[in-house]
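Bear in mind that the values in this text are calculations on the coordinates, not laboratory data. Since the model is a prediction, treat every value here as computed from it, not as a measurement. Note: ideal-geometry Cβ built from the backbone for every residue, glycine included; neighbour counts use all protein chains shown.
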Amino acid sequence: MHRDDQLYGARSAIQKGIRRGDLDLVHTCFNLLWSEKTHRQWLWWRVTTLVTEEAWQFCGELGKLLDSKTKEERDWRQFLYRLCLATKNKDAVGLWYYLKFGGEDLEVLGHPEFEEMQFWRALATEEGDESYLSVVDSMVDTYRRKARNLDEYEESALMALHRRTKMGGMMGDRQICLSTMTLVYHRGLNAEEILLDVRANAVKWKEKNGRNNPVDVDIPWYAFDKHTQAGKIAFSIFMKNTAQKRKVTADEFWSAWYFLESCKMPKEIWRAVKANSETPLGIFDCGWWLPFVNIKLAQDSSRGRGPKQLAHLWHSHLRDDIKGAVFWILGKRDKG
């Protein structure tokens, strides 16, 4: 494929690889991105979001990495390989957006994480996404002074998240740091437990693949989603040629593509649980992600399709439709 598509595809694919526990893909993308200064700097900047979106419990390890101020390839490679092998947990994303899009299941009312985020969101009374960041300093001060004293590992995580809220980029990336802070405080972080999880998953990876080291692979089609130029063009092709035939709206299609393919995680590398006000959640329990996904899939369907109906449509038709469009545009751009 064209070199630009390869490099910007690697930006998308490294997150997909982490999300799916695909160490070969992470290895491939890391090599590509590290080879060019601009993309290496992007990786340094992006790393906090890779953690908060894919395995929030790893932010203690993130704090250690960033506090060391290392720019050594081996340190960053080791960190991202470990993040890839860590049990996945998208609850920081799930909690923030579950609240944003109006989630109020009676079973979760009273849950301390739910109530805490409602409290901080309520304090940000001004309209607009930027206002939610106005509470971040108060959050940090409160969590540092509360009865459960944070240890050095948790403190480092909190400071890494705090710093990221003051940086640029997409507003959602910065806001998710707030919900991650809440999870750190309520669930706690234990470095030994987190690294034992990585080691156990490394053993499983070796047994599954029959080798000790990752190898280079092709960047998969699903990396070229709406965050890439090729994906945006493929979407336009789909909307022009196929959407009417499939009776699907643009919002439905984007939502299905994002949640059912881009966000896909193998069942064996994450632990879905049902959140309720009676049961505390552990650092590997993912209780907020699926409720958010179900809300968003339903809200984005103007035709009244439920999440199960949209999932059936995606797997029976839409996935192959957009996969073909992505391959076509990548081939055309390479020849051009």
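Sort region 105-187 into rounded, prolate or oblate with this rule: let a ≥ b ≥ c be the square roots of the eigenvalues of the Cα gyration tensor; rounded if a/c is under 1.5, and if a/c is not under 1.5, prolate when a/b is larger than b/c, oblate otherwise. Since a/c reaches 1.5 but b/c is at least a/b, the shape of region 105-187 is classed as oblate. What the pair-distance distribution of region 233-336 shows, using all Cα-Cα distances binned every 10 Å from zero, is 13, 38, 27, 15, 5, 1 percent. Along each principal axis, taking the top coordinate minus the bottom one, the Cα set of region 173-256 gives 53, 39, 22 Å in descending order. Is the shape of the chain best called rounded, prolate or oblate, per the rule: a/c under 1.5 gives rounded, else a/b larger than b/c gives prolate, else oblate, with a ≥ b ≥ c the square roots of the Cα gyration tensor eigenvalues? Oblate, because a/c is 1.5 or more while a/b does not exceed b/c.
Working from label points 7 Å from Cα in the Cα-to-Cβ sense, the HIS317 to ALA272 distance is 2.4 nm. When only alpha carbons of region 1-110 are considered, Rg and Dmax amount to 15.8, 52 Å.
Computed over the chain, the per-residue total of -39500 (n - 2.57) for DSSP H runs of n ≥ 4 gives a 222 nm mean residue ellipticity of -20000 deg cm²/dmol, rounded to 500.
Given the options ALA122, ALA298, ALA92, state which has the largest fluctuation in a GNM of the chain using a 10 Å cut-off (strictly under) for Cα springs. Among ALA122, ALA298, ALA92, the largest mean-square fluctuation in the Gaussian network model of the chain belongs to ALA122.
Of all the options HIS317, HIS162, HIS39, the one that moves most in a Gaussian network model of the chain with Cα springs shorter than 10 angstrom is HIS317.
Ranked by the mean number of other Cβ atoms within 10 Å of their residues, highest first, the peptides 307-314, 30-37, 167-174 fall in the order 307-314, 30-37, 167-174. Computed over the chain with a Gaussian network model linking Cα atoms closer than 10 Å, the most mobile of ARG74, ARG305, ARG199 is ARG74. Per-residue Cβ neighbour counts within 10 Å put ARG3, ARG82 in the sequence ARG3, ARG82, beginning with the fewest. For CYS263, CYS286, the sequence from fewest to most other C-beta atoms within 10 Å is CYS263, CYS286. Please work out the C-alpha center-to-center distance from region 86-115 to region 227-266 and express it in whole Å. Cα centroid of region 86-115 versus Cα centroid of region 227-266: 26 Å apart.
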